[in-house]
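The values are calculated or read from the model by the stated rules, or taken from the named source; none is laboratory data. Here the structure is a predicted model, which is why all the values come from computation and not from measurement. Glycine also receives a Cβ, built like all others from the backbone with ideal geometry; neighbour counts cover every protein chain displayed. These accessible areas exclude ligands, DNA and RNA; they are computed on the full protein's heavy atoms, side chains included. Shrake-Rupley method; radii C 1.70, N 1.55, O 1.52, S 1.80 Å.
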Amino acid sequence: TGIALQKTAFQQPDLLPIYGSSEVLLEFDRFSESRIFRSYPTGFRPFEVAEQGATSLISAEALSGIGTGLRGKKVVLSFTPGIFFVPTITPDIYAGLYSRLHGNELIFSPDLSLDLKNMAARRMQKYPKSLEDDPVLHFAVDRLADGSPLAQALYYVSFPLGWAQTRVLELQDHWESLMFIWGQPDLQPDVKHEPKEIDWKTLAAQALQEQIPH
């Protein structure tokens, strides 16, 4: 999901952004958030930003572009058990999930602390192939991961160019989002407001009974 759509979602008072992996995409599961809250029963509906196999680094990159738009907003971060046992993913899987726009948003964000960007850069260094075609970002990531005073100074030197590059990528994302919407003339919003109380105790019991055989 591009930055344009994410920022728009955070501006909607009746949408709750949810970042995660495949567990967020289980629309066929009647106990999933997308099914339970589809018709705004309690006044909101989920906005899912998820990819199969995504980890915390992918979610951090996706969230970073929201910037100050996150302040005061509610957001759900979903983690499956596997991420705690296998904290890193293979380079091929990461490459399939990686977004150049999101990577630049994270490293060249003016809203994130230097310590946070240092930690992110050290994680991103584990996947060097994703940086090969982006020399400005590659340079900045290496300088941040180094952490020495000279390296940090060089990062700040590269920041204006990286910030400008990120704005160009954002414009491309906005244009592609617009073209996608224009290319869907029959697109109709699936918005049905059906307020009702949710019986969580009954839902939990039903879900448990369905899972016991598995």
When restricted to Gln165, Gln188, Gln209, Gln152, the only residue open to solvent by 80 Å² or more (accessible area, probe 1.4 Å), assigned to a helix (DSSP H, G or I) and of a type outside the set (Gly, Ala, Ser) is Gln209
What are the residues in the stretch 10-20 that are within 15 Å of Ser78 (Cα to Cα) and either open to solvent by less than 10 Å² (accessible area, probe 1.4 Å) or charged (D, E, K, R) (or both), if any?
Pro17, Tyr19, Gly20
Evaluation of Lys7 against (1) touching a helix residue (DSSP H, G or I) at 6+ places or on another chain (Cβ under 8 Å); (2) open to solvent by less than 50 Å² (accessible area, probe 1.4 Å); (3) in contact (Cβ under 8 Å) with a residue 60 or more places away in the chain (one fails), failing number
(2)
If you go through the stretch 24-45 one residue at a time, do you hit one that is within 9 Å of the chain's Cα centre (by Cα), open to solvent by less than 30 Å² (accessible area, probe 1.4 Å) and free of Cβ contacts under 8 Å to residues at least 40 places away in the same chain?
no
Name every residue in the stretch 25-49 that is hydrophobic (A, V, I, L, M, F, W, C) and either assigned to a loop (DSSP other than H, G, I, E, B) or farther than 20 Å from Ala62 by Cα (or both), in order of residue number.
Leu26, Phe28, Phe31, Ile36, Phe37, Phe44
Considering only the stretch 124-131, I want to know if a residue exists there that is within 25 Å of Lys7 (Cα to Cα), of a type in the set (Gly, Ala, Ser) and within 18 Å of the chain's Cα centre (by Cα).
yes
